[in-house]
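Participant: Just passing along the structure, written as structure tokens.
The values are calculated or read from the model by the stated rules, or taken from the named source; none is laboratory data. Computed from a prediction, not measured in an experiment: that's the story for all the values here. Don't worry about glycine lacking a Cβ; one is built from the backbone with ideal geometry, like all the others, and counts go over all protein chains shown.
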Amino acid sequence: MAGRHAGRQDWCVDPPERRGDEAWARDRGQPRALRTRAAHEPSERTAMTPVSHPGEADAARVGEPLPDPRSGPEKDAALVQRMFDRVAPRYDLANAVLSLGQDRHWRRVAARAAEVVPGEVALDVATGTGMLADDLAEAGAQVIALDFSEPMLRVGAARMARAGRSDHRWVAGDGTRLPLPDDSVDAVTIAFGLRNLPDVDAGLAEMARVTRPGGRLVVLEFGQPPHRAIRTAYHAALRGFVPAAARVVASDPRAYSYLAESIVAWPDAAQLAARLGAAGWERPRWKHLALGAVTLHQGRRAPTEDQGRRAPTGQGRLGPEGDGPGTEGAS
Ligand SMILES: C[S@@+](CC[C@H](N)C(=O)[O-])C[C@H]1O[C@@H](n2cnc3c(N)ncnc32)[C@H](O)[C@@H]1O
């Protein structure tokens, strides 16, 4: 998908109204009741409670079915959650191996695109072990690191403790029902998480709800390389190399078959940009990384009239540690 270059040379834009994409139209036409059910019944374990039993025996569930790789009402959020619970122990190692060491770089690029300045509040949705949260914190943000997989959060919190670093605010919660007030954060990020939501549009709208006027969204996701030959080779590698390598490094190798299929089924950059726009994000734009295997999206909340005249920084309004709703840690 070529897209149209905007302003800075390497960002592309493609307004939704210029596109006649079939899959997007079909998705928007989903019955409301189904979409609502998917967004509101992800799992009985998404409550905002800290984890009390580290190391629980998720191995017992290794034989259960994998989630539907397509985002939509077919995807069972509870299966997604348990799958990530199982991969948590070796998640960071598997990422480094399967991305050939590139994943850290991609997240750093995403953190820069969030444009946080010291003192701002950044929410990292589907944070996993919090690697992108780390990069946002390094830029000076106060970070809320949210995920519905408590084992993933525990791995991240343990890494921070080992490094003796000041911690994020770890929150066990659902990305489609964020436990935060309206307009409460300056920037939202989500890295390799959006694809896993059962209702992508509900997730994007929810992220818009909690972001203050003028705030930013950054989505880092696997993408569809625009060049057809590269795309074909990439899909073949996903279905061959990824599951094979996962058998060596991952805690639950089967999860990486889901990963491959969910990437193949994922929309291209222009389609996803259109969905950002429909969810209330202005000026959606994207850039390809790794020949389009990964895509970085950025959108903004419309600024207030007053903000339009000055630089929008540090206006998120999250209370002090432990003060607001949804602030119990999972560490
Ligand atoms: C592929 S991992 C990405 C983790 C991390 N952002 C990274 O860059 O490595 C996807 C994460 O999304 C989380 N996730 C999936 N659906 C979610 C939902 N509905 N609410 C919160 N987290 C979710 C999973 O638990 C998992 O940690």
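Participant: Out of the residues in the range 175-191 that are assigned to a strand (DSSP E or B) and over 24 Å from VAL294 (Cα atoms), state the one that is nearest to the ligand (Cβ to nearest atom).
Facilitator: Checked the range 175-191; the qualifying residue nearest to the ligand (Cβ to nearest atom) is ARG177.
Participant: Please go through (1) crowded, with 24+ Cβ neighbours inside 10 Å; (2) more than 9 Å from the ligand (Cβ to nearest atom) for LEU146 and return the number of the only condition it doesn't satisfy.
Facilitator: (2)
One line per residue, one yes/no per condition, for (1) in contact with a strand residue (DSSP E or B) (Cβ under 6 Å, 6 or more places away or on another chain); (2) farther than 26 Å from THR211 by Cα; (3) among the hydrophobic types (A, V, I, L, M, F, W, C):
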position	(1), (2), (3)
ALA111	no, no, yes
ALA137	yes, no, yes
LEU146	yes, no, yes
ALA163	no, yes, yes
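Participant: Another question, if that's okay. Determine if the range 270-284 includes at least one residue that is surrounded by fewer than 19 Cβ atoms within 10 Å (Cβ to Cβ), at pLDDT below 95 and within 22 Å of ARG112 (Cα to Cα).
Facilitator: yes
Participant: Among what's in the range 192-220 and is in a helix (DSSP H, G or I) and small (Gly, Ala, Ser), pick the residue that is nearest to the ligand (Cβ to nearest atom).
Facilitator: GLY203
Participant: Counting only residues that are in a loop (DSSP other than H, G, I, E, B) and touching a helix residue (DSSP H, G or I) at 6+ places or on another chain (Cβ under 9 Å), which one in the range 121-140 is farthest from the ligand (Cβ to nearest atom)?
Facilitator: ALA139
Participant: How about the range 254-298: which of its residues are among the small types (Gly, Ala, Ser) and either at positive phi or part of a strand (DSSP E or B) (or both)?
Facilitator: Within the range 254-298, GLY280, ALA290, GLY292 meet the criteria.
Participant: Here's a follow-up. Scan the range 149-163 residue by residue and report those that are within 9 Å of the ligand (Cβ to nearest atom) and among the aliphatic types (A, V, I, L, M).
Facilitator: MET152, LEU153
Participant: Do we have SER149 as touching a helix residue (DSSP H, G or I) at 6+ places or on another chain (Cβ under 9 Å) and free of Cβ contacts under 8 Å to residues at least 24 places away in the same chain here?
Facilitator: In short, no.
Participant: Just to confirm my filter: which helices (runs of 4 or more DSSP H) fall fully inside the range 44-117 and include at least 3 residues that are under 17 Å from TYR256 (Cα atoms) and either modelled with pLDDT of 90 or more or within 10 Å of the ligand (Cβ to nearest atom) (or both)?
Facilitator: Hits in the range 44-117: 77-87, 91-98.
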